[in-house]
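The values are calculated or read from the model by the stated rules, or taken from the named source; none is laboratory data. Since this is a predicted model, take the numbers as computed values, not measurements. Every residue, glycine as well, gets a Cβ built from its backbone with ideal geometry; the counts of neighbours run over all protein chains shown. Heads up: the accessible areas ignore ligands, DNA and RNA and are worked out on the full protein's heavy atoms, side chains in. Shrake-Rupley method; radii C 1.70, N 1.55, O 1.52, S 1.80 Å.
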Amino acid sequence: MTSIAAELARLVTATAGEDLPPLALERAKMSLASTVASAAMGASIPSARAIREMALERSGAPQASVWFSQEKKLDVAGAAQVNAVASDAAASDDSDLRSIAHIGTIVSTASVALAEHLGRGGRDVLEAMVLGYEVAGRIDEALTPGRMKRGFHGSVSTIFGAAVAAGRLLGLDQARLAHAIALTASSACGMAIAADTSCAREYHAGLAAQLGVQAALAAQRGFTSEAAVLEAPRGFFQAMNGQALEEVTRDWGASWDIATDMAIKLMPGAHPFHAIAEAAIEAASAGDVDPRQVEQIVISAIQLRDWGAARHPHDLVSAAHSVIYFVAAGVADRRFGWEHMTERKFDDPLIAALQERVVFDADPKPLPDRFPHRHGGTVSIRMRSGEVFTHTCKAPRGSGPRGVEWADVDAKYRSLVPRSGLAASRVEASLDLIHDLERRATLSELTALIAAV
């Protein structure tokens, strides 16, 4: 019987570049732009700086660029790790809406690093990203919601995206790619509790990019693993509380996860809160709400009953994981943007007062299936006058279900990348290159633009 790893490897290696639809390739470019923008915002964060310094100290062959840094090049796996940490540290990258796994960050950083080293072109990178995203998304779908109940973070699935993308760029045959996938299962890492409360979140991202690339490189050299490690008793899926394993390889090519389920963050913080924040903003705007006259704000979203209930965050990590802060800030300011991850907003007295008025619906509507269902929900604002203003948002802007627009991605890029110190001319030139990536023979021009500040 063919193992799941072997079947996934067969499907990936049998997929020609022309089999991938233009929309999937376009979304890959958007994911890359979002990842670079988030890395610009996160490169100076202490956690990102620590990993960069450690990687430089142990650096091997100078193969791939470190983004937004004047440091020397690193080995491929090290560059993928450092750039992934920088992007994830700012809590502004992209997510997969099924279970909030940051697949785009990992396939972007791994693909760009390896393509730069190998001299591969932009079209090769986009194809690798689409296929890596597809495998990681399918594996994570089988882990939803089981892995969270066991306490595992999304990095245990995003790592497969790095391995498959790297394997595609390395030109691994079916047998070697199957072993790369199997080795990746033994490299999975990340505890959800640490990701929700600390900068371990970006540490996980760095390991996913680094170890996924290393699994592909090891397989290229003939390193082998247990072929049935995914589905075997005591194997990966059983350890992670997986289910519906038959769906992992079903209907390959019928749709592409990067087009249907990827979401670009158009505001910072945990993606499960974005639709809720939008609902709060729309309700406040529709009612022309005076935040000083608010009696109570009710969040109705069953997936959030036991998560995000912290109030009065004091730093990026705590703010990124407080849906109460998102909602209070959205009602107070009728928007939620990059400036809301600053001390000035954390200390805003009006936002602080509104957080005390936020409660959760005790009996929210159940989800229609085992997935968090796009992390949508309803916010109701009850005024002291007795008026109630309510809005429901089923999926956030910038997501597959609602569509992703280049205008939004470009605005994010132009807002965040200058924060790295990159000159305005380089900001525009690098964005133009990403827009035109499929026609670029190499990645060197892009990485040269975003490597030096």
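Report, in degrees rounded to the nearest 10, the 0 to 90 angle that the Cα long axis of helix 76-89 makes with the longest principal axis of the chain.
0
Note down the net charge around residue 106, summing +1 for each Lys or Arg and -1 for each Asp or Glu among other residues with Cβ under 10 Å from its Cβ.
Computed value for this residue: -2.
Report ³J(HN,Hα) in whole Hz for each residue of region 234-243, in order, from the Karplus equation J = 6.51 cos²θ - 1.76 cosθ + 1.60 where θ = phi - 60°; Gly and Pro get x.
Listing the rounded values in order: 6, x, 4, 5, 5, 5, 8, 6, x, 8 Hz.
How large a share of the accessible area of the chain, in percent, is made up of carbon and sulfur atoms when the probe is 1.4 Å and the other protein chains stay in place?
51
Going by amide H atoms built from the backbone, whose H comes under 5 Å of the H on residue 43, apart from near neighbours?
Amide H neighbours of residue 43, under 5 Å, 5+ apart: none.
Take the Cα radius of gyration of region 86-161 and divide it by 2.2 N^0.38 Å, with N its residue count; two decimals is plenty.
Relative to the rule-of-thumb radius for its length, region 86-161 sits at 1.14.
Report the one residue of 421, 403, 381 whose Cα lies farthest in the direction of the positive end of the charge dipole of region 302-425 (charges on C-beta: Lys and Arg +1, Asp and Glu -1; origin at the Cα centre).
Value computed over the given set: 403.
Specify which residue in the list 133, 100, 63 is farthest towards the positive end of the charge dipole of region 60-173, using unit charges on the beta carbon of Lys, Arg (+1) and Asp, Glu (-1), about the Cα centre.
Farthest along the dipole direction, towards plus: 100.
Explain nothing, just the number: dipole magnitude of region 242-299 about its Cα centre with +1 on each Lys and Arg Cβ and -1 on each Asp and Glu Cβ, in debye rounded to the nearest 20.
Charge dipole, region 242-299, about its Cα centre: 180 debye, nearest 20.
I'd like the distance separating the alpha-carbon centroids of region 320-379 and region 1-49, in whole Å.
Value for the Cα centre distance between the two parts: 30 Å.
For a Förster distance of 41 Å, can you work out the FRET efficiency between the beta-carbons of residue 441 and residue 369, rounded to the nearest 0.05?
After rounding to 0.05, the efficiency reads 0.40.
Using alpha carbons only, how many degrees (0 to 90, rounded to 10) separate the axis of helix 174-185 from the longest principal axis of the chain?
Here the helix axis deviates by roughly 40 degrees.
Could you report region 255-327's accessible area per residue, 1.4 Å probe, as an integer in Å²?
In whole numbers, region 255-327 has 31 Å² accessible per residue.
Would you rank 312, 271 by solvent-accessible area, highest first, keeping every protein chain in place and using a 1.4 Å probe?
Highest to lowest solvent-accessible surface, that is 312, 271.
For the chain, what are Rg and Dmax over the alpha carbons, in angstrom?
When restricted to Cα atoms, the chain yields Rg and Dmax of 21.3, 72 Å.
On a 0 to 90° scale, report how tilted helix 424-435 is relative to the longest principal axis of the chain, with both axes built from alpha carbons and the result rounded to the nearest 10.
70
With a 1.4 Å probe and all protein chains kept in place, how much accessible area does residue 442 have, in Å² rounded to the nearest 10?
Around 60 Å² of this residue is reachable by solvent.
To the nearest 20 debye, what charge dipole does the chain have about its Cα centre, counting +1 at the Cβ of each Lys and Arg and -1 at the Cβ of each Asp and Glu?
For the chain, the charge dipole is close to 500 debye.
Residue farthest toward the positive end of the dipole of region 257-320, with Cβ of Lys/Arg at +1 and Asp/Glu at -1: which of 271, 259, 286?
Going by the Cα projections, it comes out as 271.
Take the eigenvalues of the Cα gyration tensor for region 12-102, scale each by 5, and report the square roots as semi-axes in whole Å, largest first.
Taking √(5λ) for each eigenvalue gives 27, 18, 11 Å, largest first.
If you average over every viewing direction, what projected area does the convex hull of the Cα atoms of region 292-435 give, in nm²?
Orientation-averaged projected area of the Cα hull: 10.6 nm².
Which FRET efficiency value, to the nearest 0.05, is calculated for residue 254 and residue 411 with the Förster distance at 25 angstrom and r the Cβ-Cβ distance?
In this case the efficiency is close to 0.15.
Apply the Karplus curve 6.51 cos²θ - 1.76 cosθ + 1.60, θ = phi - 60°, to the phi angles in region 189-204 and return the couplings in whole Hz, x for Gly and Pro.
These are the phi-based 3J(HN,Hα) values: 7, x, 9, 4, 4, 5, 5, 7, 10, 7, 7, 4, 3, 6, 4, 4 Hz.
I need the phi-derived Karplus couplings for region 397-414: 6.51 cos²θ - 1.76 cosθ + 1.60, θ = phi - 60°, integer Hz, Gly and Pro marked x.
Once rounded to whole Hz, the list reads 4, x, 10, x, x, 9, x, 10, 10, 4, 4, 5, 5, 4, 4, 4, 4, 5.
Across the chain, how many lysine pairs separated by 8 or more positions, or lying on different chains, have Cα atoms within less than 26 Å?
Number of lysine pairs found: 15.
Would you mind counting up the charge near residue 88? Only other residues with Cβ under 9 Å from its Cβ, with Lys and Arg at +1 and Asp and Glu at -1.
Around residue 88, the surrounding residues sum to -1.
Can you give the Rg to Rh ratio for region 22-163, taking only C-alpha atoms and Rh from Kirkwood?
Reported Rg/Rh (Cα atoms, Kirkwood Rh): 0.97.
Just the number please: accessible area per residue for region 1-99, 1.4 Å probe, all protein chains included, in Å².
33
State to the nearest 20 debye the size of the charge dipole of region 1-68 about its Cα centre, where the only charges are +1 on K and R beta carbons and -1 on D and E beta carbons.
In total the dipole reaches around 240 debye.
Hey, could you pull the Cα Rg and Dmax for region 135-262, both in Å?
Rg and Dmax of region 135-262, Cα atoms, are 14.1, 41 Å.
Between residue 246 and residue 149, what FRET efficiency comes out of the Förster formula 1/(1 + (r/R0)^6) with R0 = 30 Å and r the beta carbon distance, rounded to 0.05?
In this case the efficiency is close to 0.90.
Quick one: go through region 232-260 and flag any residue whose amide nitrogen is under 15 Å from the point 7 Å out along the Cα-to-Cβ line of residue 19.
From region 232-260, the list is 249-257.
Could you pull the accessible area for residue 378 with a 1.4 Å probe, rounded to 10 Å²?
30
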